Amino acid sequence: MSAAGGESLAAIFRRLIASTGPISLMHYMGEANARYYASRDPLGSAGDFVTAPEISQMFGELIGLWLADMWINAGREETVHYVELGPGRGTLARDALRAAKRYGLEPSIHLVEASTALRDVQLATVPGAQWHHDLSTIPAYGPVLVVANEFLDALPVRQLVKTPDGWRERMVVPDGDRFVCVAGPQPMDPAVPESRRDAPEGTIYELCPGAAATVYEVAGRLKEQGGAALFIDYGHDVPGDGSTLQAVRAHLKVDPFVNPGEADLPRTA
């Protein structure tokens, strides 16, 4: 969903909902984050949040040493690809590849990044990198070394809520100056694991189709091409209930249902 003439995403959502009805929370989150990341570099003290690679170069260097160790133990194949999902400013890639080079690992560099603003920053940080909108255009030959730091938690979630009539998807509608979630009309019971369908009324169950699809595709690549993958994120050791959606702006938590597209909408798990 693109903006016309600088129109706010909130205004676009209001017009869309007035024309076609409530939109899913997954739609809301996906469009909000797409608008947010397309227009800015959100990292650093002057931005909205800071990630580990920006705090210390040791973070990326340790990942680079791990990659080199995996590559050496696998036989030092020459045609190898470094693939990073959501590479931010390219800081992690720069530090990791510098450390790996000391052990002879010099892979081709592939950055999966949709944001034009961040690509411009990455170009200066990681010269020689190739950019991709998704994994489909990554070379289909040679081992892949995949790194993703705090990538999965930025992918949009689908939320289901237990109502008196069963499980329903959480939909978004306007409510004054902000948006709110309501239960949709379509039964969604089959999407909830059978062991959790009898949860109390009001329980929220989250799915992340994008995360599942990403991990599935990476696993397929590893099976066919060989290599290794390292996903670094936050989470729980057992599944839980409740909403993990939050919004962050200027290093503070803000309301995720006000001014969509102007704050990062990650998940807390």
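I'd like the full set of residues that are farther than 27 Å from P143 by Cβ, free of Cβ contacts under 8 Å to residues at least 40 places away in the same chain and surrounded by 12 or more Cβ atoms within 10 Å (Cβ to Cβ), limited to region 197-222. Passing the criteria: only R197. Pairs are defined by a Cβ separation below 7 Å, a sequence spacing of at least 6 or placement on different chains, a first member in region 241-261 that is closer than 20 Å to T51 by Cα and assigned by TED's automatic domain parsing to the domain that holds N33, and a second member that is hydroxyl-bearing (S, T, Y) and assigned to a loop (DSSP other than H, G, I, E, B); the pairs so defined are T244/T268; Q246/T268.
Region 81-196 holds strands (runs of 3 or more DSSP E) entirely within its bounds, and those carrying 2 or more residues that are in contact with an Asp or Glu (Cβ under 6 Å, 6 or more places away or on another chain) map to 158-163, 166-175.
Could you please let me know if G235 is in a loop (DSSP other than H, G, I, E, B), over 30 Å from R76 (Cα atoms) and either under 15 Å from the mean Cα position of the chain (by Cα) or at pLDDT 95 or above (or both)? So that I can check it myself, show each step before the final result.
Numbers: in a loop (DSSP other than H, G, I, E, B): yes; over 30 Å from R76 (Cα atoms): yes; either under 15 Å from the mean Cα position of the chain (by Cα) or at pLDDT 95 or above (or both): yes.
For G235, the condition - in a loop (DSSP other than H, G, I, E, B), over 30 Å from R76 (Cα atoms) and either under 15 Å from the mean Cα position of the chain (by Cα) or at pLDDT 95 or above (or both) - is met.
Number of residues in region 209-232 that are more than 30 Å from W167 (Cα to Cα) and either under 15 Å from the mean Cα position of the chain (by Cα) or in a helix (DSSP H, G or I) (or both): the value is 11.
Got a sec? Which of E31, E78, E54 is over 22 Å from the mean Cα position of the chain (by Cα) and charged (D, E, K, R)? Full working, then the answer.
Working: E31 fails: over 22 Å from the mean Cα position of the chain (by Cα); E54 fails: over 22 Å from the mean Cα position of the chain (by Cα).
Of E31, E78, E54, the one residue that is over 22 Å from the mean Cα position of the chain (by Cα) and charged (D, E, K, R) is E78.
Selection over region 223-234 of residues that are surrounded by 13 or more Cβ atoms within 10 Å (Cβ to Cβ) and farther than 20 Å from M70 by Cα gives a count of 1.
Any chance you could count how many residues in region 96-107 are over 21 Å from the mean Cα position of the chain (by Cα) and either surrounded by 15 or more Cβ atoms within 10 Å (Cβ to Cβ) or at pLDDT below 95 (or both)?
At the first step, the residues of region 96-107 found to be over 21 Å from the mean Cα position of the chain (by Cα) are 97-107.
Still in the running and either surrounded by 15 or more Cβ atoms within 10 Å (Cβ to Cβ) or at pLDDT below 95 (or both): 97, 99-100, 103, 105, 107.
Of the residues in region 96-107, 6 are over 21 Å from the mean Cα position of the chain (by Cα) and either surrounded by 15 or more Cβ atoms within 10 Å (Cβ to Cβ) or at pLDDT below 95 (or both).
Might you let me know whether region 239-256 holds any residue that is surrounded by 14 or more Cβ atoms within 10 Å (Cβ to Cβ), within 25 Å of G6 (Cα to Cα) and in contact with a helix residue (DSSP H, G or I) (Cβ under 9 Å, 6 or more places away or on another chain)? Yes; the residues of region 239-256 include at least one that is surrounded by 14 or more Cβ atoms within 10 Å (Cβ to Cβ), within 25 Å of G6 (Cα to Cα) and in contact with a helix residue (DSSP H, G or I) (Cβ under 9 Å, 6 or more places away or on another chain). Applying the set (1) farther than 22 Å from Y234 by Cβ; (2) crowded, with 19+ Cβ neighbours inside 10 Å to R158 leaves exactly one unmet item: (1).
When region 115-131 is filtered for residues that are touching a residue at least 60 places away in the same chain (Cβ under 8 Å) and either within 15 Å of L97 (Cα to Cα) or surrounded by 15 or more Cβ atoms within 10 Å (Cβ to Cβ) (or both), the ones remaining, listed by number, are S115, L118, V121. Of the numbered criteria (1) touching a residue at least 60 places away in the same chain (Cβ under 8 Å); (2) closer than 23 Å to G235 by Cβ, the one V180 fails is (2). The numbered conditions (1) more than 22 Å from the chain's Cα centre (by Cα); (2) in the same structural domain as R170 (by TED's automatic domain parsing); (3) closer than 29 Å to I109 by Cβ are all true for P22 except (3). Return the only residue of A34, A93, A68, A74 being in the same structural domain as R170 (by TED's automatic domain parsing), of a type in the set (A, V, I, L, M) and either buried (at least 20 other Cβ atoms within 10 Å of the Cβ) or touching a residue at least 24 places away in the same chain (Cβ under 8 Å) (or both). From the options A34, A93, A68, A74, the qualifying one is A34.
The values are calculated or read from the model by the stated rules, or taken from the named source; none is laboratory data. Everything quoted here is computed from the prediction, not taken from an experiment. Glycine also receives a Cβ, built like all others from the backbone with ideal geometry; neighbour counts cover every protein chain displayed.
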